[in-house]
Amino acid sequence: MGGRRKMAAWVIAAIVVGVFLATLLLMHLHRNNKSISLRGAVIRLDPDVERQLPIADVEIAEVNGMSVKKCKSDSSGYFSLSLRPGIKTGQSIGLRFQHPDYQLLDLNEVAGDKLYLARLVPIPCQRQVQLNRPEIVVSNVSARYSIKTTTAVNVGSAVRAFAVTNTNNVPCNGQAPCSPDGKWKAGVGSVSLDAGQGNEFRNTRVSCIAGPCPFTKIESDSFSRRGRRIDVSARNWSDTAIFLLEAEVFHPMVSDSVRKSYPVIFGQALNFTLPAAAEGVCIEAELNGEPLVFPLGPSLFLSWADCNARVNSDQTKVYRCEPKPGYRFP
């Protein structure tokens, strides 16, 4: 029996050790097979930081075939390139950045948890395109948009007097309602007002206007909140008192408020930000001194500029427009 027990103990111990070693092996394999993602940004190479603009639609690839697939930068210049499983931190990699308007850039880097920054050199281009005309100057640019706002119109007022009956100097004897100190018998009265469909009360006030007002108390203050219906109740522990409830009636209305944003121009790039709720975005500008309005639309198309937009974490939108050949900012 003793030998069998020892044999069983050795078997159990071997199983435990085997499971432990297998777990370590799986963890090692998982760690080695974990894919590394390279995160970075692509900007324009320029000594002036105001001209180092983000570049969208740049194709990024690992030249040695170590990436899962190619990727492209977004409107903010951001990119994320996933390497194949098995590529280790510290391993040499080659990154290639391609865009038709910029010189090809090859970077020798190492894989790791870092931020990769690529600065591309613009390809010189003839802004004076074969148009048989001088460049058109785009000036006095502004962005016009609308925001839905809620305004309230005062359409009337409401007044209601109510009495709270009671008899002075009657002991409470523990029979509610009583005075706040529990000594005297009290009376409680209430009244309600309805503003009507689509309306709400504002600037509501209630006061004791007659009777022994020093021995009264407003029981509820739901009247202080805005709403279609308001209620008020009052307590009186002396003789009958009269209260007055007054409120103004407002009708909320939704309307479009037209606003303007004035872009900032860095080099030959126009930048502006609009609220998340902005609608009907238009660009107002003067082309060679002639004022014109250009609806931007969801496709962000302008006859004289190429535009893109990105959404921030707070849902505001950042727009950037660069003049097409034949156009320029002052």
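Relative to the Cα centre, the charge distribution of the stretch 59-190, modelled as +1 at Lys and Arg Cβ and -1 at Asp and Glu Cβ, gives a dipole magnitude of about 380 debye.
Looking at Phe266, Thr89, Val293, which one has the Cα that reaches farthest to the positive end of the dipole of the chain (charges on Cβ: Lys, Arg +1; Asp, Glu -1)? In the chain, that residue is Thr89. What is the stretch 81-216 by shape, rounded, prolate or oblate, if you read a ≥ b ≥ c off the alpha carbon gyration tensor as root eigenvalues and call it rounded for a/c under 1.5, prolate for a/b larger than b/c, and oblate otherwise? Oblate shape, in that a/c is at least 1.5 and b/c is the bigger or equal ratio. Model label sites at Ala163 and Asp239, defined 7 Å from Cα along the beta-carbon direction, differ in position by 1.2 nm. The Cβ shell under 13 Å around Asn108 holds other residues with a net charge of -2, Lys and Arg each +1, Asp and Glu each -1.
Rounded to the nearest 5, what % of DSSP beta bridges with both residues in the chain are antiparallel?
In the chain, approximately 90 percent of DSSP beta bridges are antiparallel ones.
Entry comment: accessible area of the stretch 76-173 is 61 Å² per residue, from protein heavy atoms only and a probe of 1.4 Å.
Multiplying the residue separation of Lys69 and Arg229 by 0.36 nm and removing their Cα-Cα distance gives an extension gain of 51.4 nm.
Measuring spread by the Cα atoms of the chain yields a radius of gyration and Dmax of 37.5, 107 Å. Per-atom-type breakdown for the chain gives carbon and sulfur 54% of the accessible area (1.4 Å probe, protein chains only). Counting lysine pairs in the chain that sit 8 or more residues apart in sequence, or on different chains, and whose Cα atoms lie under 28 Å apart gives 22.
Coupling constants for the stretch 41-54 follow from the phi torsions by the Karplus curve (6.51 cos²θ - 1.76 cosθ + 1.60, θ = phi - 60°), and in residue order they are 9, 10, 10, 7, 6, 7, x, 8, 4, 5, 9, 7, 7, x Hz; glycine and proline get x.
Place a +1 charge on the Cβ of each Lys and Arg in the stretch 38-123 and a -1 charge on the Cβ of each Asp and Glu, then give the dipole magnitude about the Cα centre in debye, rounded to the nearest 20. Before the final figure, lay out each step's value.
Numbers: 11 positive and 11 negative charges, 76 e Å.
With Lys and Arg at +1 and Asp and Glu at -1, about 360 debye.
Taking all Cα pairs closer than 8 Å and separated by 6 or more residues, the relative contact order of the stretch 145-242 comes to 33 percent. Helix 2-33 axis versus longest C-alpha principal axis of the chain: approximately 80°, rounded to the nearest ten.
The values are calculated or read from the model by the stated rules, or taken from the named source; none is laboratory data. Quick caveat, the model's predicted, so the values are computed rather than measured. A quick note on method: Cβ atoms are made from the backbone with ideal geometry, for glycine too, and the neighbour counts reach across all protein chains shown. Accessible surface areas use protein heavy atoms only, side chains included; no ligands, DNA or RNA. Shrake-Rupley method; radii C 1.70, N 1.55, O 1.52, S 1.80 Å.
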